[in-house]
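Structure, as structure tokens:
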Amino acid sequence: MRVFLCNSPSSSLSPPLPPPTTPHLLQIPQKPSIIRSLTGAALSFNLIFFSPLSPLPPPSIASDSTSPVVQLECREEDQRREDEKRFENAPELVTNEEIVKEAWEIVNDSFLGTDRSRWSPQSWLQKKEDVLSTSLQTRSKAHDVIRRMLSSLGDPYTRFLSPAEFSKMARYDMSGIGVNLREIPENGEVKLKVLGLILDGPAHTAGVRQGDELLSVNGVNVKGKSAFEALSILQGPSETSVNIMVKHGDCGPVQSFEVQRQLIAKTPVFYRLEQMDNGNTEVGYVRLKEFNALARKDLVTAIKRLQGMGASFFVLDLRDNLGGLVQEGIEIAKLFLNEGETVIYTAGREPLNVKSIVAETGPLITAPVIVLVNKNTASASEIVATALHDNCRAILVGEKTYGKGLIQSVFELHDGSGVVVTVGKYVTPNHLDINGNGIDPDYKKFPAWNEVAERLSKCQKQQG
């Protein structure tokens, strides 16, 4: 559905026309695995893939030791890999009871209960006893039990995904080769490990496995780089190859793989240059439809091209953008912020464990920005809108936003199905909880650009 914004007579900004052809800067393949972010019914999560076939790798012990503890750990890792192969080759060996129990354990370990949910450790333990006492003769029956079990939580965002639904998550793979990376502290250093793998995806087919440590990409050492930086290096045009070097687990050998990228995501960015004020003002208009794996990269290209065309003001249209990858939203917000400014605060189960996410570098642009929002602007879109607004980088124009301040992760189960689980929440830089509340715009109709510049200047002086 396209919603038109009533503009002031001085502006003719309208919903986007078909964009100038923007080269696909990055795309992504994907099949069943795991994810921490998504869209749909105003959903947006923190994309993270968690493989069901293996637990998180245990903290490593000095690799040059041959103590019985290390030997035992390596034997356990070998057994884990054998179990992976067994289930990959014959997923039907997983019983219906095991699938239900697996879904229960994911919620038990990760779910963030909110004021509106009906979750407690005690009630959830009782739920396990109840569901596992019923007869689960078919896989369809097991899936129905999981659906009812998740529905009982009272959280509209926690839900079951059938294998077919799960396979559609491909556009959220940020690597282009079907892996997700996570920063794991070990022995005083941070390692990048594969904690998400698309079964039968390019990396998996080449030989990469859950728990592998990424050492280099195309000869570039990734030591000291963040997971997002490494994923950005992995990205490239579809059907091209990338060389990666990994260490298998904590005990295995180092191996090099040539992996062909398979990109599924389509660009969510459309842009054009608008002439306003009788041709005296050139405005760069950018519409962002969703936060998939191409969002940041294509947005950077659009902004740079518009700057080159002479844009002195920018409009970022987030109307009807229901969200997507939370990490993409965070990285996009950073493009507009000064170093050290807060993008967002996040919190999980522990209420005192609040994490602030800040911009590490200076902004890509410093020109005044208007962000267009409406009732379908949700989640990752609200992260971007509030980050720019609260840091005096943009004003909001349009309607009150949806109001989704929760973060979901997507976990794959052994049979290729999955569960979407609320695992965290976020608040704005001004410490507002938008979940269920939304964000009020500064203006309902399009203001004059001199008014925008004056308002932002005044805001910056007050904060400074």
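Descriptive notes on the structure:
- Count of residues meeting criterion [touching a helix residue (DSSP H, G or I) at 6+ places or on another chain (Cβ under 7 Å), at pLDDT 95 or above and open to solvent by less than 20 Å² (accessible area, probe 1.4 Å)] in the range 360-380: 5
- Qualifying residue in the range 387-395 (condition: surrounded by 22 or more Cβ atoms within 10 Å (Cβ to Cβ), touching a residue at least 40 places away in the same chain (Cβ under 8 Å) and under 20 Å from the mean Cα position of the chain (by Cα)): yes
- The range 162-179 - residue that is open to solvent by less than 10 Å² (accessible area, probe 1.4 Å) and either modelled with pLDDT of 90 or more or not aliphatic (A, V, I, L, M) (or both) and, of those, nearest to residue 291 (Cα to Cα): 172
- Applying the criterion of being assigned to a helix (DSSP H, G or I) and not charged (D, E, K, R) to the residues of the range 385-411, the residue that is nearest to residue 343 (Cα to Cα) is 387.
- Among residues of the range 396-414, those that are touching a residue at least 60 places away in the same chain (Cβ under 8 Å) and open to solvent by less than 30 Å² (accessible area, probe 1.4 Å), counted: 11
- Of all the criteria given as (1) surrounded by fewer than 16 Cβ atoms within 10 Å (Cβ to Cβ); (2) in contact with a Leu (Cβ under 6 Å, 6 or more places away or on another chain), the one not satisfied by residue 431 is (2).
- Any chance residue 423 is in contact with a strand residue (DSSP E or B) (Cβ under 6 Å, 6 or more places away or on another chain), touching a residue at least 60 places away in the same chain (Cβ under 8 Å) and over 25 Å from residue 359 (Cβ atoms): no
- Residues that are in contact with a Lys or Arg (Cβ under 7 Å, 6 or more places away or on another chain) and closer than 26 Å to residue 274 by Cα, drawn from the range 332-343: 332, 336, 337
- Candidate set from the range 118-144 (those that are free of Cβ contacts under 8 Å to residues at least 40 places away in the same chain and part of a loop (DSSP other than H, G, I, E, B)); member that is farthest from residue 348 (Cα to Cα): 135
- Among the residues of the range 288-303, the one identified as out of contact with any Leu (no Cβ under 8 Å at 6 or more places or on another chain) and within 13 Å of residue 273 (Cβ to Cβ) is 302.
- Residue within the range 227-245 that is of a type in the set (Ser, Thr, Tyr) and within 23 Å of the chain's Cα centre (by Cα) present: yes
- Number of the condition not met by residue 207 [criteria: (1) without any contact (Cβ under 8 Å) to a residue 60 or more places away in the chain; (2) touching a Cys at 6+ places or on another chain (Cβ under 7 Å)]: (2)
- Of all residues in the range 83-96, those satisfying the criterion of being farther than 14 Å from residue 147 by Cα, at pLDDT 55 or above and in a helix (DSSP H, G or I) are 92, 93.
- Extreme residue, nearest to the chain's Cα centre (by Cα), among residues of the range 188-212 that are open to solvent by 10 Å² or more (accessible area, probe 1.4 Å) and among the β-branched types (Val, Ile, Thr): 190
The values are calculated or read from the model by the stated rules, or taken from the named source; none is laboratory data. On a predicted model such as this, the values are computed, not experimentally measured, just so you know. Cβ: placed from backbone, ideal geometry, glycine included. Neighbour counts: every protein chain shown. Keep in mind that these areas ignore ligands, DNA and RNA; they rest on the heavy atoms of the full protein, side chains included. Shrake-Rupley method; radii C 1.70, N 1.55, O 1.52, S 1.80 Å.
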